[in-house]
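What follows is a single structure, written as structure tokens, with notes after it.
The values are calculated or read from the model by the stated rules, or taken from the named source; none is laboratory data. Here the structure is a predicted model, which means the values were calculated and not measured. Quick reminder, even Gly has a Cβ in these numbers, built from the backbone with ideal geometry, and neighbours come from all protein chains shown.
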């Protein structure tokens, strides 16, 4: 490679480097000003890009802000009214507390016992009537029977003992009644405690169910968003594959910066009209191992010129003009009064 070829080679390398840097910078600074939505814009929705493009158009979805986790506020406290999240949706309303059951009426106190009436004096028992005497036999008048004796009074000690037994029996009945009332009160307290514990367990169960429901809703929302994103990616992929399956119409622009006898270096870019994008850029290096048609024609021309020179003789002056490839552009022959000009 002579000095001129080396100079052209250096210039070509510098041009290629500048071209590649320009293409890379142009790729990195692409700004998409057009967007394409895969669903309908509703009132209050915001546009969320999917990160993919379709023919230079940014693809995205119109989404409800409440379904975007990054836009949701802090979760509202459970109470009568959820606390509004920061720059997000209001928290869920707290669960209403379960109404407490009415308390049981207190047991009426036991009426005090009436004092025992003083004992009345014991009436004496009426004496038994005497038995009528048998009728005397006819004949002699019967002897009149004697008047029966008056009955004896009841012993006061027996009456006192009976009264004491009544008092003992009454006290036993009162004690049994009090014991049964105490047992009933204890049983009622146990029932109330059991009901309160069941109400608390029911509240805890309701809270856990609501929390589980909220978590499942959030998980379903996240899953739906991921499914929608996947569907959008698949739709975009189908669109791109469909473009690739179509006939590709391209315009290639090539710049020949170095062309020697054995090597040709040509940077090029390819603009895909079907996909509407610059899809290829590179450098084409051609190594010439054999002789081209042009070289063979040049060799034939040079041979013909040599034959003409030999026939005309040394007195003729032949002037040849060559291009940068060594091809004869024109020739002028002067031999005395004869002058011949020719252009190729």
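Here is how the numbers come out for the structure above:
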{"quantity": "Residue check for residue 191: surrounded by 11 or more Cβ atoms within 10 Å (Cβ to Cβ) and closer than 30 Å to residue 10 by Cα", "calculated": "no"}
{"quantity": "Residue satisfying all of: in segment 253-269; closer than 30 Å to residue 53 by Cα and surrounded by 16 or more Cβ atoms within 10 Å (Cβ to Cβ); nearest to the chain's Cα centre (by Cα) among these", "calculated": "269"}
{"quantity": "Verdict on residue 212 being over 30 Å from residue 64 (Cβ atoms), part of a helix (DSSP H, G or I) and without any contact (Cβ under 8 Å) to a residue 40 or more places away in the chain", "calculated": "no"}
{"quantity": "Of the criteria (1) modelled with pLDDT under 75; (2) surrounded by 13 or more Cβ atoms within 10 Å (Cβ to Cβ); (3) more than 30 Å from residue 265 (Cβ to Cβ), which one residue 328 fails", "calculated": "(3)"}
{"quantity": "Among (1) in contact (Cβ under 8 Å) with a residue 12 or more places away in the chain; (2) closer than 30 Å to residue 61 by Cβ, the one test that residue 195 misses", "calculated": "(2)"}
{"quantity": "All positions within segment 267-295 that are free of Cβ contacts under 8 Å to residues at least 60 places away in the same chain, touching a helix residue (DSSP H, G or I) at 6+ places or on another chain (Cβ under 9 Å) and within 22 Å of residue 325 (Cα to Cα)", "calculated": "288, 291"}
{"quantity": "Filtered residue count, segment 331-344, keeping only those that are in contact with a strand residue (DSSP E or B) (Cβ under 6 Å, 6 or more places away or on another chain) and at pLDDT below 65", "calculated": "5"}
{"quantity": "Any hit, segment 23-34, residues being part of a loop (DSSP other than H, G, I, E, B), modelled with pLDDT of 65 or more and closer than 24 Å to residue 242 by Cβ", "calculated": "no"}
{"quantity": "Residue in segment 300-321 that is modelled with pLDDT of 85 or more, closer than 29 Å to residue 266 by Cα and exposed (fewer than 14 other Cβ atoms within 10 Å of the Cβ) present", "calculated": "yes"}
{"quantity": "Segment 255-296, residues that are in contact with a strand residue (DSSP E or B) (Cβ under 7 Å, 6 or more places away or on another chain), under 23 Å from residue 245 (Cα atoms) and assigned to a strand (DSSP E or B)", "calculated": "269, 270, 271, 272, 278, 279, 280, 281"}
